[in-house]
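Shown next, in structure tokens, is the structure this report addresses.
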Amino acid sequence: MDNLLDLSDRLYLDVLDFAHSTPHWFQLLAEVWTELGLLLFGALFLAGWWRSRTGSSQAMALALLAPLATAFGYVVSEGLKSLIDEERPCRAVVGAPAALVDCPAYGDWSFPSNHSAIAGAAAIALALSWRGIVWLTVPMAILMAFSRVFVGVHYPHDVTAGLILGGLVAFLVMRAARRPVTSLVETARSSRSAAVVWCAGRGPATPAHASARPGRRSRARHGAY
């Protein structure tokens with residue numbers, strides 16, 4: 001374990017040295033991304049909900065579960081962080097270059113990375129609810145995790161654990177809650193409240209010609225007799 005922590009220290013120093021060697025505009029970009037990048041996941045949650053309003057009840061259930069599963073990932077990460085009082089590397093690593101952003105206050109512990117846990121959870125939850133988007137969400141999550149080391153506020157093992165923890169929690173929540181939430185969506189779609197139906201979506205549209213066919217068949221049978 002000590003060897004792994006020593007390796008994480010060395011990787012932290014290497015990444016921070018690299019960060020200081022990059023142009024100032026690139027450092028500013030990393031600072032913006034590490035704080036605001038999670039908002040892009042939020043935009044994807046909204047887009048996923050909107051596109052699922054005309055999809056199946058299960059598709060809508062998964063779209064609604066995605067942000068909930070991400071929230072669970074954060075809660076579990078925060079709970080673990082409060083149990084493991086690991087000091088931030090921007091204070092603990094002797095001889096390290098200055099972090100690119102302000103070092104979080106004492107008591108805001110380092111392990112695991114909440115940003116990475118949220119990003120990992122969001123990446124997996126969105127991938128399960130929106131087919132094909134995994135090629136966007138997973139690189140986003142990895143970039144978010146790397147940015148936390150790049151700006152100097154987390155060790156590599158912090159962000160690695162955060163990604164894995166968040167992704168695992170999101171996967172379990174999505175699997176466990178899929179059926180009951182699908183039932184709730186089906187109930188909401190049959191509601192008499194227009195607002196509830198609008199939020200849950202009306203589901204796949206039924207072609208007009210499909211509903212007309214039974215009548216034509218019935219008239220055909222009637223004429224045959």
Sum up the charges of everything whose Cβ sits under 10 Å from the Cβ of ALA61, counting Lys and Arg as +1 and Asp and Glu as -1, but leave ALA61 out. +1
Once every DSSP H run of n ≥ 4 in the chain is given -39500 (n - 2.57) and the sum is divided by its residues, what mean residue ellipticity at 222 nm do you get, rounded to the nearest 500 deg cm²/dmol? -26000 deg cm²/dmol
Projecting the Cα atoms of CYS199, GLY166, LEU36 onto the charge dipole of the chain, where Lys and Arg contribute +1 and Asp and Glu -1 at Cβ, the residue farthest towards the positive end is CYS199
Solvent exposure of the chain as accessible area per residue, Å², 1.4 Å probe: 57
I'd like the FRET efficiency for HIS24 and SER82, computed as 1/(1 + (r/R0)^6) with the beta carbon distance as r and R0 of 30 Å, rounded to 0.05. 0.25
Which of these, VAL153, VAL32, VAL138, has the largest mean-square fluctuation under a Gaussian network model of the chain (Cα springs below 10 Å)? VAL32
Any cysteines in the chain with zero other Cys Cβ atoms under 4.7 Å from their Cβ? List them, or say none. CYS199
On the protein heavy atoms, probe 1.4 angstrom, tell me the percent of accessible surface of the chain carried by carbon and sulfur. 66
Take VAL75, project a point 7 Å from its Cα along the Cβ direction, then tell me which residues of segment 122-166 have their backbone nitrogen under 16 Å from it. 122, 166
With springs only between Cα atoms under 10 Å, which of HIS24, HIS154, HIS115 fluctuates most in a Gaussian network model of the chain? HIS24
Residue separation times 0.36 nm, minus the C-alpha to C-alpha distance between THR54 and ALA92: what's the value? 8.5 nm
Kindly report, to the nearest 10 Å², the accessible surface of CYS199 as traced by a 1.4 Å probe over protein heavy atoms only. 70
Correct option for Cα extents along the principal axes in Å [calculated from the coordinates] among [x] 41, 38, 33; [y] 95, 37, 31; [z] 63, 44, 31: [y]
Working out 0.36 nm times the residue gap between GLU35 and ALA176, then minus their Cα-Cα distance, what length gain in nm do you get to one decimal? 47.7 nm
Accessible-area ranking of ILE124, ILE142, largest first, probe 1.4 Å: ILE142, ILE124
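The values are calculated or read from the model by the stated rules, or taken from the named source; none is laboratory data. Every value quoted in this text rests on a predicted model; they were computed, and no experiment measured them. Don't worry about glycine lacking a Cβ; one is built from the backbone with ideal geometry, like all the others, and counts go over all protein chains shown. SASA here: full protein model, heavy atoms, side chains in, ligands and nucleic acids out. Shrake-Rupley method; radii C 1.70, N 1.55, O 1.52, S 1.80 Å.
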